[in-house]
Amino acid sequence: MEETRKIIHIDMDAFYASVEQRDHPELQGLPLAVGGIGGRGVVATASYEARKYGVHSAMSMREAHRRCPILRVVLPDFQKYNQVSLQIREIFGRYTDIIEPLSLDEAYLDVTYARFEVPSATILAKRIKEDIQNELNLIASAGVSYNKFLAKIASDQDKPDGLFVITPEQGAEFMKTLPIEKFFGVGKVTAEKLKSHNIFKGADVLPYSRWELQQLFGKHGGFLYDVVRGIDNRLVQPERERKSVGVENTFSDDIIGWDRINEEFSLIFETWWTRYQKVGKKGKSLTIKVRNKDFETITRSQTEKKYVIDKQKTRKIFVQLLEKAIDFESPIRLLGVSISSLEKENNPEFCQLTLW
Ligand code: DCP
Ligand code: MG
């Protein structure tokens, strides 16, 4: 029998905001947003004090001030967050070589064979949290489970300062009550579609066969079939240098016409933009991918001279590429956007650019 794996997912609490509160003691305990100031400013993240007022990531700063008039605001310092991120990774490296960073503030660790004998992955997760707190004066939440999907869900269960464990015996049962919005990898588009089939939580997916889910959701269908049963065999992939950030969607029914395509494009673009910001690496090449009803795949790319940081400008470029790629009168079955030519982590410019 295959040995059960031990996976830990670590995610820092209110990452940018916690770093700023740590370095500016006068901001501790106060509602704080890190993000852009000015007309088009957006909240990158909010301290837990600010979240009580309903302030959260991706909200306009204007709205954040409306919800919380006493809100303090700090501009982001990406270079610092990148440095802290490397310090966190150094701590992970004391326990295992198999580390897969997902963004600046989160990573999967496979500790099945950790560096030294430890009684349990839970105790290891606790030690990692303690190291982060003692040495960096920051709080992390940890999820412990036997696969990536459940470990990531677990780290979000008990935030902030969480340590949540899902054992192999509990996995399938846990998934039954989990709302689909909490499924990692299920974006807004898929969530809406699931709801239109009266699927709101894990248990609602169980009656569907793998084949039915594949018909409805393309290649994600098979993944969905497995995860609602607590199964996810994806490996933790160490030191994978990210080459691109992309989001795409396969439609159950082909879509046609500018309005319909634009509507789907907007959903995909918003999901992609959030993911791009979270990855924390800027890129230069924008690509649009379209598959038509004959399964022909068309891509159109444009490479910018400078790193892409302006949301509206980026959106405009994608729309122009889309106009080049398709004739709006013919049906399409897949639409995707991505960015590549990402900056390297050792690039001195890395993370110094402001997103706003
Ligand atoms: N981030 C961003 N824009 C977003 C989402 C996140 O710039 N739309 C940045 C700021 C966050 C960091 O990425 O501090 C990590 O993202 P998380 O989703 O992990 O959010 P936090 O760590 O801030 O909060 P928590 O994990 O406690 O919910
Ligand atoms: Mg976080």
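Quick look at the values:
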| read-out | value |
| --- | --- |
| Contacts under 9 angstrom Cβ, first residue in the range 168-191 being more than 22 Å from Gly336 (Cα to Cα) and modelled with pLDDT of 90 or more, partner among the hydroxyl-bearing types (Ser, Thr, Tyr) and in a loop (DSSP other than H, G, I, E, B), 6 or more apart | Pro168/Thr4; Pro168/Tyr146; Gly171/Tyr146 |
| Top-ranked residue in the range 83-101 [being in contact (Cβ under 8 Å) with a residue 40 or more places away in the chain and surrounded by 17 or more Cβ atoms within 10 Å (Cβ to Cβ); ranked as farthest from the chain's Cα centre (by Cα)] | Ile91 |
| Residue satisfying all of: in the range 215-242; acidic (Asp, Glu) and either on the phi > 0 side of the Ramachandran plot or open to solvent by less than 80 Å² (accessible area, probe 1.4 Å) (or both); modelled with the lowest pLDDT among these | Glu239 |
| Single match in Val42, Val84, Val73, Val111 (criterion: under 20 Å from Ile309 (Cα atoms) and either more than 16 Å from ligand 2 (Cβ to nearest atom) or of a type in the set (A, V, I, L, M, F, W, C) (or both)) | Val42 |
| Candidates Ala121, Ala107 - the one that is within 16 Å of ligand 1 (Cβ to nearest atom) and either within 24 Å of Lys278 (Cβ to Cβ) or out of contact with any Ser or Thr (no Cβ under 8 Å at 6 or more places or on another chain) (or both) | Ala107 |
| Subset of the range 268-296 (residues that are over 30 Å from Glu106 (Cα atoms) and open to solvent by less than 70 Å² (accessible area, probe 1.4 Å)) | Val290, Arg291, Asn292 |
| Any chance Val205 is over 25 Å from Ile8 (Cβ atoms) and within 16 Å of the chain's Cα centre (by Cα) | no |
| Residue match in the range 93-100 (condition: in contact with a Cys (Cβ under 8 Å, 6 or more places away or on another chain) and under 18 Å from Met12 (Cα atoms)) | no |
| Matching option when the condition is among the acidic types (Asp, Glu), touching a residue at least 40 places away in the same chain (Cβ under 8 Å) and open to solvent by less than 70 Å² (accessible area, probe 1.4 Å), among Glu264, Glu304 | Glu264 |
| Residues that are open to solvent by less than 50 Å² (accessible area, probe 1.4 Å), within 12 Å of ligand 1 (Cβ to nearest atom) and of a type in the set (A, V, I, L, M, F, W, C), drawn from the range 19-68 | Val19, Leu32, Ala33, Val34, Val42, Val43, Ala44, Ala46, Ala50, Val55, Met59 |
| Residues that are among the acidic types (Asp, Glu) and either more than 21 Å from Ser196 (Cβ to Cβ) or more than 16 Å from ligand 1 (Cβ to nearest atom) (or both), drawn from the range 156-184 | Asp156, Asp158, Asp161, Glu169, Glu173 |
| Checking Ile166 against (1) open to solvent by less than 10 Å² (accessible area, probe 1.4 Å); (2) within 16 Å of ligand 2 (Cβ to nearest atom), the condition it does not meet | (2) |
| Tabulated pairs, the range 139-156, first under 9 Å from Asp11 (Cα atoms), second of a type outside the set (S, T, N, Q) and modelled with pLDDT under 95, C-beta under 6 angstrom, 6+ apart or interchain | Lys152/Phe184 |
| Selection count where residues are within 12 Å of ligand 1 (Cβ to nearest atom) and either within 14 Å of Leu138 (Cα to Cα) or of a type in the set (S, T, N, Q) (or both), scope the range 1-18 | 9 |
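The values are calculated or read from the model by the stated rules, or taken from the named source; none is laboratory data. Note that this is a predicted model, so its numbers are computed, not measured. Positions of Cβ are generated from backbone atoms using ideal geometry, with glycine treated the same way; all protein chains shown enter the neighbour counts. Note: accessible area is taken over every heavy atom of the protein model, side chains too, but ligands, DNA and RNA are not part of it. Shrake-Rupley method; radii C 1.70, N 1.55, O 1.52, S 1.80 Å.
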